[in-house]
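Visitor: Attaching a single structure in structure tokens format; questions to follow.
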Amino acid sequence: MASTFTNEATDAAPDLLPGTGWHRTMVFPRRRNTPRTARDFVAATLTEWGETSRLDDMRLCTSELVTNAVLYGAPVGRLVLVRVESLDEELRIEVHDSGENRPTQRVPEESTVDGRGLLIVAVTADSWGVKERTRPGKCVWAAFDRVKNGTSPLPPHTTGPQGDTS
């Protein structure tokens, strides 16, 4: 069966969101190196937009969310969609996959080597959650509050991150 992301953006094309925000989306194959590639995509996008105040935190959350999508969310042969959004009040990382299982945060045993991804996201991001998609699957997101982090909300709709007009 073909991926459910075939009709969505397949490269890093920027789009103006309705309102005052910006987003950039990229689709990745379900591979071992996808978390690293997605991290690099998010870091490059945020750096281009001048949104670097919590870049390390956003890279870490991207890595954890994409790793979960690759290991547990996206079925074999399917894709993982990563979206970076710069909104009025927050920066947001979304990871979409076509898997049906909703992730749950757990507290692993001290000796366990895995199971800490969503715990790391919960501690690092200002908020996170899971939302349904209109297509099969889910979107797991992490948000970083602009006001809490000492950055200004975006100005009204007429401006946005620089260098994102192509």
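Visitor: Which numbered condition trips up SER127, out of (1) out of contact with any helix residue (DSSP H, G or I) (no Cβ under 9 Å at 6 or more places or on another chain); (2) hydroxyl-bearing (Ser, Thr, Tyr); (3) at pLDDT below 95?
Guide: So the condition that SER127 fails would be (3).
Visitor: Restricting to the stretch 90-104, and then to whatever is touching a strand residue (DSSP E or B) at 6+ places or on another chain (Cβ under 7 Å) and among the acidic types (Asp, Glu), can you tell me which residue is farthest from LEU55 (Cα to Cα)?
Guide: Filtering the stretch 90-104 for residues that are touching a strand residue (DSSP E or B) at 6+ places or on another chain (Cβ under 7 Å) and among the acidic types (Asp, Glu), the one farthest from LEU55 (Cα to Cα) comes out as ASP97.
Visitor: Let me ask something else. Are any of the residues in the stretch 20-39 among the aromatic types (Phe, Trp, Tyr) and at pLDDT 95 or above? Please lay out each step first, then the result.
Guide: First, the residues of the stretch 20-39 that are among the aromatic types (Phe, Trp, Tyr): 22, 28.
Applying the additional criterion that residues be at pLDDT 95 or above yields 28.
Checked the stretch 20-39: at least one residue is among the aromatic types (Phe, Trp, Tyr) and at pLDDT 95 or above.
Visitor: If I ask for residues that are touching a Pro at 6+ places or on another chain (Cβ under 7 Å), in a helix (DSSP H, G or I) and open to solvent by less than 10 Å² (accessible area, probe 1.4 Å), which ones from the stretch 57-105 would you list?
Guide: Once the filter is applied, which keeps residues that are touching a Pro at 6+ places or on another chain (Cβ under 7 Å), in a helix (DSSP H, G or I) and open to solvent by less than 10 Å² (accessible area, probe 1.4 Å), the stretch 57-105 yields only VAL66.
Visitor: Please go through the stretch 43-68 and give me each residue that is hydrophobic (A, V, I, L, M, F, W, C) and at pLDDT below 95, ordered by number. Please lay out each step first, then the result.
Guide: Initially, the stretch 43-68 is screened for residues hydrophobic (A, V, I, L, M, F, W, C), giving 43-44, 46, 49, 55, 58, 60-61, 65-66.
The one that is hydrophobic (A, V, I, L, M, F, W, C) and at pLDDT below 95: TRP49.
The values are calculated or read from the model by the stated rules, or taken from the named source; none is laboratory data. Note that the coordinates shown come from a computational prediction; the quantities given were computed from them, not determined experimentally. Cβ coordinates were reconstructed from backbone atoms using ideal geometry, including for glycine residues, and neighbour counts include every protein chain displayed. Remember, those area values only see protein heavy atoms, side chains included, never the ligands or the DNA or RNA. Shrake-Rupley method; radii C 1.70, N 1.55, O 1.52, S 1.80 Å.
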